[in-house]
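Written below as structure tokens is the structure these notes are about.
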Amino acid sequence: MSNKLYVGNLSFDTGEEDLQELFAAHGEVVSARVITDRDTGRPRGFGFVEMAQDEDAQKAIQSLDGQEFMGRNIKVNVAQPRENRPRGGGGGRGGGGGRDRW
């Protein structure tokens, strides 16, 4: 099992310190990160917590998944590897269709 956890359905008021404190009750927290929108800087409602021990991560999942935290029922599970997807906005020449008129 991995010791990196996904934490979803977070209140937009949740900070990294809040996550650190919540998970510290279940073992040593290596890192806690709330993901923010790269354009606006606002929280996106999810984050990641890395626990020092796999056993602590499993305890945190069992204890916290579905529990209320800061007014929301959070989702806690093992983080999945990030998908390799292309970055950027599509490409090509844009809409229109048909052939060029000039």
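Just so you know, all these numbers are worked out from the coordinates, no wet-lab data involved. These numbers come from a predicted model, not from an experiment. Because the Cβ atoms are built from the backbone with ideal geometry, glycine has one as well, and the counts that use them run over all protein chains shown.
For Ile61, Ile74, which order do you get if you count the other beta carbons within 10 Å of each Cβ and list the fewest first? Numbers along the way, then the final one.
Numbers: Ile61 18, Ile74 21.
Ranking Ile61, Ile74 by Cβ neighbours within 10 Å, fewest first, gives Ile61, Ile74.
If each of Thr36 and Tyr6 carries a label point 7 Å out from its Cα toward its Cβ, how far apart are those two points in nm?
Rounded to a tenth, the inter-label distance reads 2.3 nm.
What's the exposure ranking of Arg42, Arg72, going from fewest to most Cβ atoms within 10 Å? Walk me through the intermediate numbers first.
Numbers: Arg42 9, Arg72 16.
Least to most surrounded, the residues fall as Arg42, Arg72.
Counting other beta carbons within 10 Å of each Cβ, put Thr40, Thr14 in order, fewest first.
Working: Thr40 8, Thr14 22.
Neighbour counts put them in this order, fewest first: Thr40, Thr14.
Subtracting the Cα-Cα distance from 0.36 nm times the residue separation, let me have the gained length for Asn77 to Glu28 in nm, one decimal. Could you put the intermediate results ahead of the total?
Working: separation 49, 0.36 × 49 = 17.64 nm, distance 1.70 nm.
Full extension of this stretch gives 15.9 nm more.
When a/c is below 1.5 the answer is rounded, else prolate if a/b is larger than b/c, else oblate, so apply that to the stretch 4-78 with a ≥ b ≥ c taken from the square roots of the Cα gyration tensor eigenvalues.
Numbers: a/c = 2.04, a/b = 1.52, b/c = 1.34.
Taking the square roots of the gyration eigenvalues as a ≥ b ≥ c, the stretch 4-78 is prolate.
Given the Cα-Cα distance of Phe48 and Glu68 and 0.36 nm per residue of separation, how much length would full extension add, in nm? Intermediate results must be reported in sequence, preceding the final value.
Values: separation 20, 0.36 × 20 = 7.20 nm, distance 1.72 nm.
The Phe48-Glu68 span can extend by a further 5.5 nm.
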